[in-house]
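Accompanying notes for the structure given below.
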Amino acid sequence: MANTEIQTLSDIKLSVGQDEKQLFSIVTKKLGKPPKYFAIKKKSLDARDKNNIRFIYTVEFSANEKPNDEQPLERLSPNNQPQAPVLVVGSGPAGLFCALRLLQRGITPIVIERGAPVEEREKSIQTFFDTKRLDENSNVQFGEGGAGTFSDGKLNTQTHSGLNKEVLKTFVRYGAPEEILWLNKPHIGSDHLKRVVKNMREDILRQGGTVLFYTRLEDVFFTDGRITGVAVKRLSPNGVYTGENATEKLAVSAVVLAVGHSARDTFEMLLARGVPMRQKDFAVGVRIEHLQEKIGFAQYGNAYKKLPAADYKLVSHVQDRAVFTFCMCPGGYVMPAASEQGGVVTNGMSNFARDGKNANSALIAQVSRADFADDSPLAGVRFQRQIEQAAYTVGGSSYAAPTQLVGDFLQDRISDRFREVSPTYAAGTAFADLRAVLPAPVIGALKTAIGDMDRKLKGFADPSAILTAAETRTSSPVRIERDETLQSVGAKGLFPCGEGAGYAGGITSSAADGIRVADAIYSQFCK
C-alpha cells in the first residue's frame, strides 16, 4: 500500500498505564516518518485475564492530510418548500436530530416540547426531589433532551445503522467529548449532555427554526387521509394550563411524532383518531445497586483502581422469559422518574466522571401480551401504570420507592436496615415486600436470574445490594405502525419516529431514526 493512502493498524495492545502517545510512535515507525493524518478509530478493554488487562486499539494514518470526502446534502429549492410548516413533536434525540437534518435539507421546522428547556427542566426535577410536587410535563421523562438526558448519555447500540457514526460526530460537534468517536462503549454523561442539548437547540434557532417549550400536542386533523393540522396546548412553566385560549390550531405539511416512550396521553389521543398502533414487548423490574468498588474488583481484580469505572451486561435465560441488565450506570444514581401523579418510576443516571459510590442497573424481565391478558394496543401502558401505582402505594404514597435488600428479596423478608450499600434514590425509600409491586412471574424470574447472574459476575447476589422498584419505562409499550415511506399507515404526512413510536431503543438509534425520518420527509417534498 502506498504511503499516500490511508492505512489501518488493528489489534494494537497497550498495558494499563501506558501512554497513548505510544500509538503515534508505532505508526511513525511503520510509516518511516510522522504521519500528517492520525486518528484513533476504536478503543476497547480486554479484561479476560485479570493479571494482564490491556487496551486494544485500531488506528488510521496517512503520510498526507486526510481529504474531506463528506458530500453536501441535497436541499430543497425555494420553489419546492412545503406550503405549511413541518412540525416536530418532541425534543429528545429523535426530535433534535430530525430538526437538525431538516435544516440541512433546506426545510425549516417548528419543534414543540411539552416540557421545559434543559436548564429549567433541571430545576423542576430538583423541586420534585425536594418537595414531592411533580410537574407532569417537565420531569425525568419529559423535557428538552428527552429521558436520555438524565440516564448517563450512553451511546452504545446494538443496531448497525450507517448513521450511527454520523450521530456521534454530531454530538461531538455540539460539545460532546471527542472520545465517543472511538470508545467501544461511548457515553457523554448527564452533566455534559445537558450542555450539548442546549447547543443543539441554539443552533436550530440560529438557522431559523422555531422551538416552543411548554407546548403539548393535543389533537391531529386529517383531510382525505393526510394530516393537515394539529391542535397544541400552551402550558405555563409550572405545568398548569394558561387559560381558556391556551389551545391553538396550526396548519402543517407533515408531523414527526418523536414523543418518547412515556407520552401515554398522546398514544391515547392518536388511537382515538384512528392512527394504527399495536402492542410491543418490553420489560419491567427493579434497579439494583452495588458498591462500585466491588463491581470493579469483580471485573478487573486489583487493577480496578487504575481503570475507568467498571460496567457489566448480564442476561439470564433460565426460565421461559429473558431477564437482563439494562442501562447500567457505573458510579451513578437511581433517579425518581415519575411522569404521572400517584406512580413511582425509577431510572439510572451517571455523570461523565462516573465517580459515584454505587453502581446501578435496571434488572428487568421481559413481558408480553400473555402477561397483559388484553388485546388493546395500550394494554402495555395499563400494565406499566398498575405496577407504578402499586409502587407508590407500597412506598407510602409519597413518591418514596419500595426497597428490599437482595438477601431479603430472595428469602421473602421485608428488610429492616441498609448494610454496606446506601440507596441513592433522591426522593426517599421505604422498606417493602416487592411481591406487592411486581407480578409473581416477574418476581420468580428475577429471583432465579440473580443467582444465575452471580455465577457470571461474582458478588452480583450480594445480600446487601439494594433493589428499588419500579423500573417500567425501559422502552415503549406500543409501536405506531408506519410503511416503507416511514409514514403512518393510513395517515400520510404523519411520521412516527424514535423510541416512543417503537422504532429505536436508546439515544443513538433514536437519533439515527430522526435523521432517517427527516430524509424521508425531504423525499416527499423534492418530487
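No value in this document is a laboratory result; all are computed from the given coordinates. The structure displayed is predicted, hence computed values, not measured ones. Backbone-built Cβ (ideal geometry, glycine too); neighbour counts: all protein chains shown.
Things worth noting here:
- For segment 7-62, pairs of C-alpha atoms spaced more than 13 angstrom apart make up 57 percent of the total.
- Size of electric dipole in the chain: Cβ of Lys, Arg +1 and of Asp, Glu -1, about Cα centre, debye, nearest 20: 1120 debye
- 3J(HN,Hα) along segment 496-507, derived from phi through the Karplus expression 6.51 cos²θ - 1.76 cosθ + 1.60 where θ = phi - 60°, amounts to x, 8, x, 5, x, 7, x, 10, 7, x, x, 5 Hz, with x in place of Gly and Pro.
- By other beta-carbon atoms within 10 Å, ranking Tyr174, Tyr333 with the fewest at the front produces Tyr174, Tyr333.
- For the pair Phe38 and Ser398, label points projected 7 Å from Cα toward Cβ lie 5.9 nm apart.
- Under 14 Å from a label point set 7 Å out along the Cα-to-Cβ vector of Arg273, no amide N atom of segment 508-527 is found.
- Nearby lysines by direct alpha-carbon distance to Lys169 (threshold 26 angstrom, same-chain neighbours under 8 apart not counted): Lys13, Lys21, Lys36, Lys41, Lys42, Lys43, Lys66, Lys154, Lys185, Lys194, Lys198, Lys313
- Rule-of-thumb Rg ratio for the chain [Cα; 2.2 N^0.38 Å; N residues]: 1.01
- Our estimate of slack between Lys66 and Thr210, defined as 0.36 nm per intervening residue step minus the Cα-Cα distance, is 48.2 nm.
- Protection proxy ranking for 386-398, 341-353, 124-136, 36-48, using the average of other Cβ atoms within 10 Å per residue and placing the highest first: 341-353, 386-398, 124-136, 36-48.
- Gyration tensor verdict on segment 369-487 (Cα atoms; rounded if a/c is under 1.5, prolate if a/b is larger than b/c, oblate otherwise): prolate
- Computed from phi, the 3J(HN,Hα) profile of segment 261-269 under the Karplus parametrisation 6.51, -1.76, 1.60 (θ = phi - 60°) reads 7, 10, 7, 5, 5, 5, 4, 4, 5 Hz, with x in place of Gly and Pro.
- Close amide-amide hydrogen proximity is noted between Gly145 and Ser91, Gly92, each under 5 Å apart and 5 or more residues distant or on a separate chain (H modeled in the peptide plane; Pro and chain starts excluded).
- Net length gained if the chain between Val172 and Arg419 were fully extended (0.36 nm per residue, minus Cα distance): 84.8 nm
- Segment Ile26-Ser236, extension gain: residue separation times 0.36 nm, minus the distance between their alpha carbons: 69.7 nm
- Once C-alpha pairs closer than 8 Å and six or more residues apart are averaged by separation and normalised to the residue number of segment 281-471, the relative contact order reads 31 percent.
- Backbone HN-Hα couplings from phi across segment 367-372 [Karplus 6.51/-1.76/1.60, Hz, Gly and Pro as x]: 10, 8, 4, 4, 7, 7
- Anisotropy class of segment 281-471 from Cα gyration tensor, a/c 1.5 cut: prolate
- Put simply, the amide H of Tyr37, placed in the peptide plane, has neighbours under 5 Å in Ser62, Asn64, leaving out anything fewer than 5 places away on its chain.
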